């Protein structure tokens, strides 16, 4: 796929770019070799969107943005440049103008909300002993342990940062919904996906960490977005 866009993968809360480890080889094997993964500071939506915009600018050509979890809010905010040809949401937030991930969450709290707690510096963590059950219950215990120990905590204030101009209103979109998600309520995912009218919506019997537990299905959706 020599004329394919560069794929920029955007991680979410409680993980970094390495959460895409299962998807990246599958995309590469399919001939999608122009791959980038943003490592975000998770200090504010503005900071994370700016980091993503800088990577878009560095590519200097067509880009497909793929966001997991909070990464969906980031691609919603950062995805308006002309070079962005599409957006793929993986169990992700897709707020409208004036909405925040926290506002959407409070309206319909997920099952795993009680596992999240702030530290004395204002960063939000998933309790390590509750990470497996709430973030990635469909992964092996050892893999979940590594993810729990290496989790990347966001500043709590980031949850309340609002979207200015949602890119999904002007770009083609694809959405993967996780039916067993305990971090973003499936009903919230359904609401966000339905109002963006994606070119394709797939539902997986997966946890929030669908990109790790079902990388084949996630990669297939990204490949379809490239072809579409």
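Among the numbered conditions (1) under 28 Å from residue 27 (Cα atoms); (2) more than 19 Å from the chain's Cα centre (by Cα); (3) assigned to a helix (DSSP H, G or I); (4) in contact (Cβ under 8 Å) with a residue 40 or more places away in the chain, the only one that residue 133 does not meet is (1).
So, of the residues in the stretch 82-123 that are part of a helix (DSSP H, G or I) and buried (at least 16 other Cβ atoms within 10 Å of the Cβ), which turns out to be nearest to the chain's Cα centre (by Cα)?
101
Table: residues versus (1) crowded, with 22+ Cβ neighbours inside 10 Å; (2) in a strand (DSSP E or B).
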position	(1), (2)
125	no, yes
151	no, no
157	no, no
174	yes, yes
208	yes, no
225	yes, no
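Which residues, counting only those in the stretch 127-147, are surrounded by 18 or more Cβ atoms within 10 Å (Cβ to Cβ) and either touching a strand residue (DSSP E or B) at 6+ places or on another chain (Cβ under 7 Å) or modelled with pLDDT under 95 (or both)? If the condition is that a residue be surrounded by 18 or more Cβ atoms within 10 Å (Cβ to Cβ) and either touching a strand residue (DSSP E or B) at 6+ places or on another chain (Cβ under 7 Å) or modelled with pLDDT under 95 (or both), then 134, 135 are the ones that fit. Using the structure shown, decide if residue 21 is in contact (Cβ under 8 Å) with a residue 24 or more places away in the chain, surrounded by fewer than 16 Cβ atoms within 10 Å (Cβ to Cβ) and within 16 Å of the chain's Cα centre (by Cα). Criteria met by residue 21. Count of the stretch 192-206 residues, restricted to those that are surrounded by 22 or more Cβ atoms within 10 Å (Cβ to Cβ) and assigned to a strand (DSSP E or B), is 0. There is at least one residue in the stretch 61-80 that is in a loop (DSSP other than H, G, I, E, B), buried (at least 22 other Cβ atoms within 10 Å of the Cβ) and on the phi > 0 side of the Ramachandran plot. Within the bounds of the stretch 23-33, is there any residue that is in a helix (DSSP H, G or I) and under 30 Å from residue 129 (Cβ atoms)? The answer is yes; a qualifying residue exists.
Give the stretch 34-48 a look and list any residue that's part of a helix (DSSP H, G or I) and in contact with a strand residue (DSSP E or B) (Cβ under 9 Å, 6 or more places away or on another chain), or say none. Write out each step before concluding.
Residues of the stretch 34-48 that are part of a helix (DSSP H, G or I), as a first pass: 45-48.
45, 48 - these are the residues of the stretch 34-48 that are part of a helix (DSSP H, G or I) and in contact with a strand residue (DSSP E or B) (Cβ under 9 Å, 6 or more places away or on another chain).
Residues are listed down the side, and each one gets a yes or a no for (1) more than 18 Å from residue 113 (Cβ to Cβ); (2) without any contact (Cβ under 8 Å) to a residue 60 or more places away in the chain:
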{"site": "163", "(1), (2)": "yes, no"}
{"site": "168", "(1), (2)": "yes, no"}
{"site": "174", "(1), (2)": "yes, no"}
{"site": "184", "(1), (2)": "no, no"}
{"site": "188", "(1), (2)": "no, no"}
{"site": "197", "(1), (2)": "yes, yes"}
{"site": "202", "(1), (2)": "yes, yes"}
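The values are calculated or read from the model by the stated rules, or taken from the named source; none is laboratory data. Computed from a prediction, not measured in an experiment: that's the story for all the values here. Neighbour counts are summed over all protein chains in view; Cβ atoms, including those assigned to glycine, are modelled from backbone coordinates with ideal geometry.
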